[in-house]
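Visitor: Here it is: the structure, laid out below.
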Amino acid sequence: MYSPLATRYAAPDFYRRCGRSGIKLPLISLGLWHNFGSVDPFENARAIACRAFDLGITCFDLANNYGPPEGSAEETFGRILREDLGRWRDELILTTKAGYHMWPGPYGDWGSRKSLLASLDQSLQRLGLEYVDIFYSHRPDPETPLEETMGALAHAVRSGKALYVGLSNYPPAETARAAALLRELGTPCLLHQPRYSLLDRWVEPQLLATLEAEGIGCTVFSPLAKGLLTDRYFKGIPADSRAGHDPRFLRPADITDAVLARTRKLNEVAESRGQTLAQMALAWVLRHKAVTSALIGASRVSQVEDCVGATRRLHFTAEELTRIEQILAA
Ligand SMILES: NC(=O)c1ccc[n+]([C@@H]2O[C@H](COP(=O)([O-])OP(=O)(O)OC[C@H]3O[C@@H](n4cnc5c(N)ncnc54)[C@H](OP(=O)(O)O)[C@@H]3O)[C@@H](O)[C@H]2O)c1
């Protein structure tokens with residue numbers, strides 16, 4: 001029977017306040033987009049989740065469509081909650097999202113009230129929960145009025161099925177409009193979830209400035225660029241890597257010589273800091289005070305351990321930041 005390590009909260013600096021809310025999030029959160037589907041070995045998924053909790057990771061990120069197949073990551077995590085982590089429910093921030101394709105027909109996708117609220121009910125059932133901590137609109141819907149999507153998020157909170165709401169993939173202007181609507185509805189936006197890494201800086205500077213001004217937290221996804229910002233591909237494409245076995249979102253063709261030349265140079269900077277490349281990539285996104293948490297994925301326990309180790313050295317010297325800018329600009 002699983003019993004968490006008593007040392008899991010030994011580092012109070014591991015938690016950062018989420019915008020202007022009462023909630024603190026761990027510097028590293030764990031995402032279940034990959035490696036938690038019913039096609040993946042359950043024991044590995046369980047080991048990753050439990051080790052993450054042992055290391056102080058309290059935030060686990062899901063969405064209706066994570067798997068494969070769609071929905072099965074929530075079922076896997078539901079089983080982990082039932083068998084292991086559920087006894088510590090009040091120590092956990094559990095999130096889910098709706099907005100990408102989930103079921104056939106006109107109501108299983110995008111941001112209508114019908115789609116979001118039906119999806120949340122399905123997620124709660126798969127997870128075996130009465131409520132999630134954060135319910136996100138997964139992406140803006142160009143055809144549904146923002147008022148309707150935000151109204152559905154606010155309803156989720158009022159009905160007790162979510163404690164907080166969040167936005168993902170919303171550009172700055174829509175984020176500000178959505179935040180104003182949610183404030184009017186009495187359910188302020190807790191946090192935003194955009195993609196951000198050394199190789200993808202679209203959030204700079206506008207979105208991060210908007211979030212700071214609005215008092216919204218920020219948890220950044222794919223901070224390791226799905227594995228590119230690690231040593232994973234330095235000696236070819238391993239069969240058990242994401243590009244090697246599940247090329248839905250990271251194809252072997254994405255591992256170009258140009259990317260590898262850049263990440264090898266970044267790795268030299270990381271080594272000079274006494275870090276792995278993954279650790280430096282995480283410290284780099286966390287250097288912004290607007291960034292609350294770096295949301296990683298992992299295919300094995302040792303990766304979670306390595307990533308949490310990033311928080312031992314978050315500071316960058318001016319010389320290191322300049323060298324990194326030079327490498328990214330080359
Ligand atoms: N809101 C959205 O639209 C959206 C979109 C995408 C993701 N997300 C969320 O963000 C989470 C993270 O996304 P992601 O999985 O792309 O994140 P990521 O952290 O950029 O990439 C994770 C991958 O990097 C490799 N890795 C991780 N730690 C490592 C280490 N220490 N050393 C070497 N390799 C390491 C592993 O690759 P291998 O598998 O090859 O070992 C792992 O699967 C998702 O699970 C999901 O919750 C949200």
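Visitor: Regarding the range 287-306, can at least one residue be identified that is touching a strand residue (DSSP E or B) at 6+ places or on another chain (Cβ under 6 Å) and open to solvent by 20 Å² or more (accessible area, probe 1.4 Å)?
Guide: yes
Visitor: Going through the range 110-136 one residue at a time, which ones are crowded, with 18+ Cβ neighbours inside 10 Å and on the phi > 0 side of the Ramachandran plot?
Guide: W110
Visitor: Let me ask something additional. Among residues belonging to the range 92-109 that are crowded, with 22+ Cβ neighbours inside 10 Å and touching a helix residue (DSSP H, G or I) at 6+ places or on another chain (Cβ under 9 Å), point out the one that is nearest to L146 (Cα to Cα).
Guide: Top of the filtered list is G99.
Conditions (1) free of Cβ contacts under 8 Å to residues at least 40 places away in the same chain; (2) in a helix (DSSP H, G or I); (3) within 13 Å of the ligand (Cβ to nearest atom); (4) buried (at least 19 other Cβ atoms within 10 Å of the Cβ), marked per residue:
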residue: V203; (1), (2), (3), (4): yes, no, yes, yes
residue: T210; (1), (2), (3), (4): yes, yes, no, yes
residue: A213; (1), (2), (3), (4): yes, yes, no, no
residue: C218; (1), (2), (3), (4): no, no, yes, yes
residue: L229; (1), (2), (3), (4): no, no, yes, yes
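Visitor: Mind checking which residues of the range 235-261 are at pLDDT 95 or above and more than 13 Å from the ligand (Cβ to nearest atom)?
Guide: Answer for the range 235-261, where residues must be at pLDDT 95 or above and more than 13 Å from the ligand (Cβ to nearest atom): T256, D257, A258, V259, L260, A261.
Visitor: If we keep just the residues of the range 262-283 that are assigned to a loop (DSSP other than H, G, I, E, B) and either hydrophobic (A, V, I, L, M, F, W, C) or more than 13 Å from the ligand (Cβ to nearest atom) (or both), which is surrounded by the most Cβ atoms within 10 Å (Cβ to Cβ)? Steps first, answer last, please.
Guide: Keep residues of the range 262-283 that are assigned to a loop (DSSP other than H, G, I, E, B), which gives 273-276.
Checking which are either hydrophobic (A, V, I, L, M, F, W, C) or more than 13 Å from the ligand (Cβ to nearest atom) (or both) leaves us with 273-274.
Details: R273: 15, G274: 10.
Checked the range 262-283; the qualifying residue surrounded by the most Cβ atoms within 10 Å (Cβ to Cβ) is R273.
Visitor: Let me ask something additional. Pairs needed: first member in the range 26-46, without any contact (Cβ under 8 Å) to a residue 24 or more places away in the chain; second member anywhere, within 11 Å of the ligand (Cβ to nearest atom); C-beta distance under 8 Å; at least 6 residues apart or different chains.
Guide: Short answer, once both residue conditions are applied: none.
Visitor: Show me the strands (runs of 3 or more DSSP E) found entirely inside the range 13-52 where at least 3 residues are under 17 Å from the mean Cα position of the chain (by Cα) and of a type outside the set (S, T, Y).
Guide: 24-26, 28-31
Visitor: What's the total number of residues in the range 65-91 that are open to solvent by 80 Å² or more (accessible area, probe 1.4 Å) and in a helix (DSSP H, G or I)?
Guide: Within the range 65-91, residues that are open to solvent by 80 Å² or more (accessible area, probe 1.4 Å) and in a helix (DSSP H, G or I) number 5.
Visitor: Oh, and also: Looking at F249, F316, which is the one that is over 23 Å from L25 (Cα atoms) and among the aromatic types (F, W, Y)?
Guide: On the way: F316 fails: over 23 Å from L25 (Cα atoms).
Checking each option against the conditions leaves just F249.
Visitor: Considering only the range 23-43, I want to know if a residue exists there that is open to solvent by 70 Å² or more (accessible area, probe 1.4 Å), at pLDDT 95 or above and farther than 17 Å from S299 by Cα.
Guide: Yes: one or more hits.
The values are calculated or read from the model by the stated rules, or taken from the named source; none is laboratory data. Remember, it's a predicted structure, so these values are computed and weren't measured experimentally. No Cβ is skipped: glycine too gets one built from the backbone with ideal geometry, and neighbour counts run over all protein chains shown. Heavy atoms of the whole protein, side chains included, go into the accessibility calculation; ligands, DNA and RNA do not. Shrake-Rupley method; radii C 1.70, N 1.55, O 1.52, S 1.80 Å.
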